[in-house]
Amino acid sequence: MTAAAKITPTSLTRDLIDHAVTSIDAADRFSDPYPHIFFRDFFPNAFYAELIRSLPSEGYNKINSERTRMAVRLYGDNVDKIDGSVREMWSAVSAMLTSPEVESATRRQLREGLEMRARGDKVAGPDQLRMVAKPVLYRDTDGYQIKPHPDTRNKVVTMQLYCPADEGQRNLGTTLYKASLKGLLHLGSYGLEPVKTLPFLPNVGYAFVVLKAYHSLTRMSWHGRPTVKTTSDRPRISILNTFYVNENVGF
Ligand SMILES: O=C(O)CCC(=O)C(=O)O
Ligand SMILES: [Fe+2]
């Protein structure tokens, strides 16, 4: 075996962490409609290409009654159930997404939102907010949709990594909304106005702090996804890396 032939899991994880931190550090930061970041080039390029060809074939759970969203948990013992041939890759992804380094980079970039969250939660500051990462792989198919919602208060930060093979699914990203008079006048919009739809491009991601009415009435973290149109050979693949308030909550 040549020296380069086999990368040990720990050095792979190390590479993934370094790459992800660089990506998050270079994120675009936005305050509107609420604090969020958008970052690119999250996984090393060659690794990303192999990862999306190595999706687990089993172990999916049904997330909605329509069965248009199926999910595989990527944390803790769940990783041991992933097909042996691809387990090492997903195990490294899991270790990276739950690493203290990725958490710290996310905290640095979302500081404004975490300060709002800390005030509403009546804790001294962002450092008093715990963040426990529970990454999950999602497979969404034709007809998948999720109505605008701010996310449950059990989530502190929502991060989603888009995993398409090419730019053909660009229009399938998440829509961010804000409460507005225009939205109020528009029937069936819950008083919400769409502000932007993030581009569903290869190897990009976004993250925001979950903000409810008691954090800020005007900057609640409203987001959703209008009905997805896609073909059965091109599901909408993403990784949701949710940071929860503690390890006892979440999917
Ligand atoms: O898939 C998306 O674009 C958003 C998903 C979401 O908001 C959720 O699962 O809470
Ligand atoms: Fe959500």
* If you check every pair at least six apart or on different chains, which have Cβ atoms under 6 Å apart with a residue in the range 59-70 that is under 12 Å from Thr141 (Cα atoms) first and a residue that is among the polar types (S, T, N, Q) and part of a loop (DSSP other than H, G, I, E, B) second? -> Thr68/Thr141
* Structure fact -> A careful count of residues in the range 124-158 that are within 11 Å of ligand 1 (Cβ to nearest atom) and either out of contact with any strand residue (DSSP E or B) (no Cβ under 9 Å at 6 or more places or on another chain) or under 15 Å from Phe208 (Cα atoms) (or both) gives 7
* Could you please tell me which pairs satisfy a Cβ distance under 7 Å, a separation of 6+ or placement on different chains, a first residue in the range 150-165 that is acidic (Asp, Glu), and a second residue that is within 11 Å of ligand 1 (Cβ to nearest atom)? => Asp151/Thr158; Asp151/Val210; Asp151/Ser221
* To do: Could you grab me the full set of residues in the range 5-44 that are modelled with pLDDT of 95 or more and over 29 Å from Val209 (Cβ atoms)?
  => Leu12
* Structure fact -> With the first residue restricted to the range 74-93 and required to be touching a residue at least 12 places away in the same chain (Cβ under 8 Å) and part of a loop (DSSP other than H, G, I, E, B), and the second required to be surrounded by 16 or more Cβ atoms within 10 Å (Cβ to Cβ) and among the aromatic types (Phe, Trp, Tyr), Cβ contacts under 8 Å at 6 or more apart or on different chains are Leu74/Trp90; Ile82/Trp90
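Please specify each residue of the range 199-210 satisfying the condition of being part of a loop (DSSP other than H, G, I, E, B) and within 12 Å of ligand 2 (Cβ to nearest atom).
To start, the set of residues in the range 199-210 that are part of a loop (DSSP other than H, G, I, E, B) comprises 199-203, 210.
Once the filter is applied, which keeps residues that are part of a loop (DSSP other than H, G, I, E, B) and within 12 Å of ligand 2 (Cβ to nearest atom), the range 199-210 yields only Val210.
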* **From Leu176, Leu137, residue being more than 18 Å from Phe43 (Cα to Cα), crowded, with 20+ Cβ neighbours inside 10 Å, within 18 Å of the chain's Cα centre (by Cα) and not β-branched (Val, Ile, Thr)** => Leu176
* To do: Please verify whether the range 173-184 includes one or more residues that are within 16 Å of ligand 2 (Cβ to nearest atom), closer than 21 Å to Leu55 by Cα and touching a residue at least 12 places away in the same chain (Cβ under 8 Å).
  => yes
* Going through the range 110-125 one residue at a time, which ones are buried (at least 21 other Cβ atoms within 10 Å of the Cβ) and part of a helix (DSSP H, G or I)? -> Gly113, Leu114, Arg117
* To do: Determine if the range 186-209 includes at least one residue that is within 11 Å of ligand 1 (Cβ to nearest atom) and either in contact with a His (Cβ under 7 Å, 6 or more places away or on another chain) or under 24 Å from Ala118 (Cβ atoms) (or both).
  => yes
* Subset of the range 162-173 (residues that are within 11 Å of ligand 1 (Cβ to nearest atom) and of a type in the set (A, V, I, L, M, F, W, C)) -> Leu172
* Structure fact -> With the first residue restricted to the range 34-55 and required to be closer than 15 Å to Leu176 by Cβ, and the second required to be in a helix (DSSP H, G or I), Cβ contacts under 6 Å at 6 or more apart or on different chains are Pro35/Glu112; Pro35/Gly113; Ile37/Gln109
* Scope the range 26-43; condition surrounded by fewer than 18 Cβ atoms within 10 Å (Cβ to Cβ) and part of a loop (DSSP other than H, G, I, E, B); matching residues -> Ala26, Ser31, Asp32, Arg40, Asp41
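Here is a list: Pro148, Pro164, Pro135. Which entry is away from ligand 2 (no atom under 16 Å from the Cβ) and under 25 Å from Tyr60 (Cα atoms)? Outline the logic, then answer.
Working: Pro148 fails: away from ligand 2 (no atom under 16 Å from the Cβ); Pro135 fails: away from ligand 2 (no atom under 16 Å from the Cβ).
Exactly one of Pro148, Pro164, Pro135 is away from ligand 2 (no atom under 16 Å from the Cβ) and under 25 Å from Tyr60 (Cα atoms), namely Pro164.
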* To do: Would you check if Gly76 is away from ligand 1 (no atom under 15 Å from the Cβ), over 28 Å from Pro56 (Cα atoms) and surrounded by fewer than 18 Cβ atoms within 10 Å (Cβ to Cβ)?
  => no
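The values are calculated or read from the model by the stated rules, or taken from the named source; none is laboratory data. Since the structure is predicted, the reported quantities are computational estimates derived from the model, not experimental observations. Every residue, glycine among them, receives a Cβ derived from its backbone with ideal geometry; neighbour counts consider all protein chains shown.
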